[in-house]
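*Asks:* One structure, pasted below without further comment.
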Amino acid sequence: NYSWGGSDPSTGFDCSGLVHYAYAHFGYSLSRVACDQAANDGILVSNDDLQPGDILCFYSGANYVGHVGIYIGNNQFVHASSSTTGVIITDLAGYYTSRGYIAKRVV
């Protein structure tokens, strides 16, 4: 379920809320919003060296990160996409790779 500003499964998630919640579930404290997760959390890893659990931070324009998801392997990631689609698994291709992204590793 998608909810802008949401960070709880009972009320819904936005993209960064899902990442924040998932990592907190395993004892990791991350920033709450996408741009801060990109800037402050984890270490930068090469997009050619992705591992399940890496945070994918997608650019929304220039140098601003406006969307995040969690890489799950097989060139796919899970994210709170929109109020229409909710939390989904998406291929890391097309629209998402064309926007540009960085990967961060926390674990």
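The values are calculated or read from the model by the stated rules, or taken from the named source; none is laboratory data. Since the structure is predicted, the reported quantities are computational estimates derived from the model, not experimental observations. FYI the Cβ positions are ideal-geometry reconstructions off the backbone, even for glycines, and counts take in every protein chain you see. With ligands, DNA and RNA removed, areas are computed over all heavy atoms of the protein, side chains included. Shrake-Rupley method; radii C 1.70, N 1.55, O 1.52, S 1.80 Å.
*Asks:* Six or more apart or on different chains, Cβ atoms under 9 Å: show the pairs whose first residue is in region 3-23 and touching a residue at least 40 places away in the same chain (Cβ under 8 Å) and whose second is open to solvent by less than 20 Å² (accessible area, probe 1.4 Å) and of a type in the set (S, T, N, Q).
*Replies:* From residues that are touching a residue at least 40 places away in the same chain (Cβ under 8 Å), the pairs are S16/Q37; V19/Q37.
*Asks:* Quick one: which residue in S81, S46 is touching a Ser or Thr at 6+ places or on another chain (Cβ under 8 Å) and in contact (Cβ under 8 Å) with a residue 12 or more places away in the chain?
*Replies:* Testing whether each residue is touching a Ser or Thr at 6+ places or on another chain (Cβ under 8 Å) and in contact (Cβ under 8 Å) with a residue 12 or more places away in the chain leaves just S81.
*Asks:* To continue, here is another question. Checking the conditions here, which among G100, G69, G86 is touching a helix residue (DSSP H, G or I) at 6+ places or on another chain (Cβ under 9 Å) and in contact (Cβ under 8 Å) with a residue 24 or more places away in the chain?
*Replies:* Numbers: G100 fails: touching a helix residue (DSSP H, G or I) at 6+ places or on another chain (Cβ under 9 Å); G86 fails: touching a helix residue (DSSP H, G or I) at 6+ places or on another chain (Cβ under 9 Å).
Answer to the check: G69.
*Asks:* To continue, here is another question. Output the residue which, of all residues in region 1-26 that are of a type in the set (F, W, Y) and assigned to a helix (DSSP H, G or I), is surrounded by the most Cβ atoms within 10 Å (Cβ to Cβ).
*Replies:* We begin by selecting, within region 1-26, every residue of a type in the set (F, W, Y); these are 2, 4, 13, 21, 23, 26.
Restricting the remaining residues to those that are assigned to a helix (DSSP H, G or I) gives 21, 23.
Details: Y21: 16, Y23: 20.
Within region 1-26, the match that is surrounded by the most Cβ atoms within 10 Å (Cβ to Cβ) is Y23.
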